[in-house]
Structure formats: C-alpha cells, structure tokens
Amino acid sequence: MSIFSKGRTHNDYGGTEFSRLISQAQKPITGGGGKSSIMLVPMRSLSLEDFTFPFQNTTKIRDALKLQVMPFTAGGEMEIFPVILSRTGRNAGGIVWYVSPSELEIPSTKSSKIWPSPLPFISQLEEYGGNGVTLWKDEENISSLLWQSNRPVLYRWNKKSVSSQAQILSWYDGYCHERGLERGGDYVYDATDPDDDIQEIASDSVRICAWINDVNLSRTALEGTRNLERTVRILGKVSIWLLTAGVIMLGAEAADYYRIKSDAEEMTTRSAEYYRTTFDPSRTGRISNPVNLARDKIASLSGKGEYVHTVEEVLADLGEIYSGMKGDNITIDIIRYNADGIDCSGTAPDMTTVLNFRRSWEDKANLVQVDNTQFVSGIGYRFDLRIRW
C-alpha cells in the first residue's frame, strides 16, 4: 500500500511521485507512479546558512562559498548547494545547503530530485506568516526546519530513539527565545501514518516559495553543475585565447597598413625631391604627382616638345587616324587642348579598339597613355586618352 496519496491532479505536484528514504542501508519507499519524482531524505549531516555577495554569477558564488567553508573541511569533505533567493543591483543573496558526500550515495531510485524531508511543508505555516517549525518523523528519524518569514534558517536531525517530538519542539522554544526569533507555529508530518496529502501541500509550498522547485541535493545535480562550470571555464579560456589572437592579428594588420602607408608617402616625397632637383629647383610647396610632371617635362624637352602643335594640326592628325580606323566605331566626346598636348574622352565598342586608337597616336607624340577605362552596359568602354608631344 502506498504511503502517500496521489493528490489532486490540478495542483503543480499532483502527478509527482514522492518517495522517502529511512536510512542509507534501505531501499526507498515509493508512493505511486508519476511523470516526475522527488525523494524526501532526513539527512543527518545537512546544515544551512545565509549568504550575500556583491556579484550574481553562480560559479563565483560557489567558489566564494568553498573558500568560506575551507577551514572546516579538515574534519571531512562537504558538498555545497547554493540557492539564490534574491537579486538586488549587482548583489545576490540566498541560502546554502552543506551536506556530507556520503549522504549523496542514495540507493538506486528513479527520483529526479532530492529534498530535505521537512522542506515541502512550509505552506502549513502560512497562517503564522511563514514562521515556525516543520517537522518530519518516520520509523528512525526526526528532521526539522526552523522558518522565518518563509525562509529556512536552521536544520536539525535527531534519532527517534533518542529524542522525542516534544523535546525537539521544546528545544526550538528556547532557541527562538534566546535568539529573539519569531516562534510561530508547528507542523508535524508523520511519514509512517500520513493524514495529509503531501502532493497538495508541496504544490502550495512552491506557490509560496518558488525557489523550492530549484532545490536538488543529489549527486546528479552536483555533477551536472560541475560539468557546466567546467565547460564554462573551458569556453572562457578559449574565448580569451581567441580574443588575444584576434588582437595580435589586428595589431599586425594595423602595423602593415601604417608601414605601407609610410612607404608610399616616403616614395612620393622622394619622387617629388627628384623632380624638384632635376627639373624645377625653384618650385616650392607640395608636388602631388611628380611622375606625371616629370613625363610632361621630358616631353617638353624632346624634339617634338619644342614644336608647338596648333589646333589645326591636332585635328588633322585626328582625322588621319580616323581615316585609318574606318572599320572601328570609336567616338570622341571631349577634347582638351593645350601647348603640351591633348586629353580626350570617348567610347569604343571594345578594348581592342581603344588600344588600336592609342597605338595610332604613338608615332605622333612622345607620350600616349590610356587612363580610367570603364565598361558601361549598352555603350561599351569609356576611356580617357592622354597625349603629350
């Protein structure tokens, strides 16, 4: 016969299977099938305390709690299960459960969560403002929690054959009086002969204290948390490495950019000095394109450069070239004339025609250069031709 009734299915835990463990040497006693299951365990070594830290990262909170408890681990190892109850600004506060690793070696069970046995009964202290004692007793154990405003502040375990229920509740009377705490009420759950529906009580308790749903003092939860923290640490180290590599690569690319820019500026400055020294020592100021100026100067100093071509002669040369390119459909849109030469802009159906037009001028001038060639859909190739005598 099941020790726990199934409860009403409309509650949050109406379909949950609750089981209990009397001692580590015994198998769990289950209470009917359900989609999820929770084991209530009267842990002997369990203790709890409050914490407040100026950060909210769960991993940092666990590390800080480990440092706090380190001086007490000389007597034996203990596992840490923090529960965050509040977040304010950058601060986080809550409670931490400490338990011996030996108590996590629960016999084989389908339970997905493990709760301290008096935990899910806080709803029974609602009329006392969440103040008082929830007490669990079974064949061998009496475990209890002292609550203040729906927050657990003290856990105790007693062997049933040594301490009675009345003695334990009397001890809490004296403890609350000495500490100035609200004594509130009492709720006792007898697991050997339950009168109340634990599933309905647990549903009401989670409604009041939603954080209870996140409590899981199991080896599986502990290993899952450790694996997650290990993964986060590894990913953090990888991210730092990638960020460092990216910064190094960016620095190298920036150094190359400034080196190339500096080399280009140095070359332009050196070319300008060569031009000024060779052709125009009296010239001052910045020379933006010394190479083109040098070409023009060379053209002006050549034999053809000494002769000034008139507009009529330029047009005659252009007509002669056109007559030799009868089969090529080339159009000149703009001609700019000066004493040193001409610049013309036009269009041609293909690059071959542009190159043929340039070669036709090479016998008539010292410098012929095609610039700014661009393909335009529906028109062909636009080009600029630079001719210097």
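The values are calculated or read from the model by the stated rules, or taken from the named source; none is laboratory data. Since the structure is predicted, the reported quantities are computational estimates derived from the model, not experimental observations. Counting neighbours? That spans all protein chains shown, and the Cβs are built from the backbone with ideal geometry, glycine included. Please note that ligands, DNA and RNA were not included when accessible areas were found on the heavy atoms of the full protein model with its side chains. Shrake-Rupley method; radii C 1.70, N 1.55, O 1.52, S 1.80 Å.
In table form, for the structure just shown:
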{"read-out": "When residues of segment 40-64 are limited to those that are more than 30 Å from Ile198 (Cβ to Cβ) and of a type in the set (A, V, I, L, M), the one least open to solvent (accessible area, probe 1.4 Å)", "value": "Ile61"}
{"read-out": "Of residues in segment 224-241 being modelled with pLDDT of 70 or more and open to solvent by 80 Å² or more (accessible area, probe 1.4 Å), the one nearest to Tyr13 (Cα to Cα)", "value": "Lys237"}
{"read-out": "Hits in segment 354-389 (condition: touching a Pro at 6+ places or on another chain (Cβ under 8 Å) and open to solvent by 40 Å² or more (accessible area, probe 1.4 Å))", "value": "Tyr381"}
{"read-out": "Strands (runs of 3 or more DSSP E) wholly inside segment 130-172 containing at least 3 residues that are within 49 Å of the chain's Cα centre (by Cα) and more than 16 Å from Ala191 (Cβ to Cβ)", "value": "141-148, 151-159"}
{"read-out": "Selection status of Asp214, modelled with pLDDT under 90 and either in contact with a strand residue (DSSP E or B) (Cβ under 9 Å, 6 or more places away or on another chain) or polar (S, T, N, Q) (or both)", "value": "yes"}
{"read-out": "Neighbours by Cβ (under 7 Å, 6+ apart or cross-chain): first from segment 76-102, closer than 16 Å to Leu119 by Cβ; second open to solvent by 30 Å² or more (accessible area, probe 1.4 Å) and of a type in the set (Val, Ile, Thr)", "value": "Gly94/Ile84"}
{"read-out": "The lone exception for Glu139 - which of (1) in contact with a Ser or Thr (Cβ under 9 Å, 6 or more places away or on another chain); (2) open to solvent by less than 10 Å² (accessible area, probe 1.4 Å) it fails", "value": "(2)"}
{"read-out": "Subset of segment 315-350 [in contact with a Cys (Cβ under 8 Å, 6 or more places away or on another chain), surrounded by 12 or more Cβ atoms within 10 Å (Cβ to Cβ) and within 18 Å of Val376 (Cβ to Cβ)]", "value": "Ile332"}
{"read-out": "Filter pass, Arg183 being closer than 28 Å to Gly93 by Cβ, basic (Lys, Arg) and touching a helix residue (DSSP H, G or I) at 6+ places or on another chain (Cβ under 9 Å)", "value": "yes"}
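A quick yes/no check of all residues on (1) open to solvent by 20 Å² or more (accessible area, probe 1.4 Å); (2) among the β-branched types (Val, Ile, Thr); (3) within 18 Å of Ser117 (Cα to Cα):
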| position | (1), (2), (3) |
| --- | --- |
| Tyr155 | no, no, yes |
| Val162 | yes, yes, no |
| Gln167 | yes, no, no |
| Gly174 | yes, no, no |
| Asp186 | yes, no, yes |
| Tyr189 | no, no, yes |
| Ile198 | no, yes, yes |
| Asp204 | yes, no, yes |
| Ile212 | no, yes, yes |
